[in-house]
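These notes are about the structure you will find just below.
Derivation of every value follows stated rules applied to the coordinates shown; laboratory data play no part. In this text the structure is predicted, and so the values were computed from the model without any measurement. Here Cβ is always computed from backbone atoms with ideal geometry, including for glycine, and neighbour counts include all displayed protein chains.
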Amino acid sequence: MDIDKVRALTDSELRLELGTERRHLYDLRFQLATRQLTDHTQLALTRRSIARILTVMTERNLEPIEAAPPPPSRSRTRRPSRGAAAKPAPKETANATSPRGGKS
């Protein structure tokens, strides 16, 4: 979409078009991952179109609609690995004069 066409859109149309273009980019990435995308230039064109829309929204001081917030993370405490709990602590040597425990 040309910048002139983007500037001609109303605020609500801009938000709608931004959502549409972001969904289109998502679909293109999915097609790329599944090797169904034949025209790779569509990725760059869609990203540029999103950038144009965001530029006009910034010029108008509009807040872009954000993607859905990520689901709240489950706060789990890290459990120590199984190998760390099974290992005994290193034993102290009788000859502690040398850091290596051997002859000086």
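Sorted ascending by nearby beta carbons within 10 Å, beginning with the fewest, S49, S12 become S12, S49.
With the simple model of a label 7 Å out from the Cα in the direction of the Cβ, E63 to T10 spans 2.1 nm.
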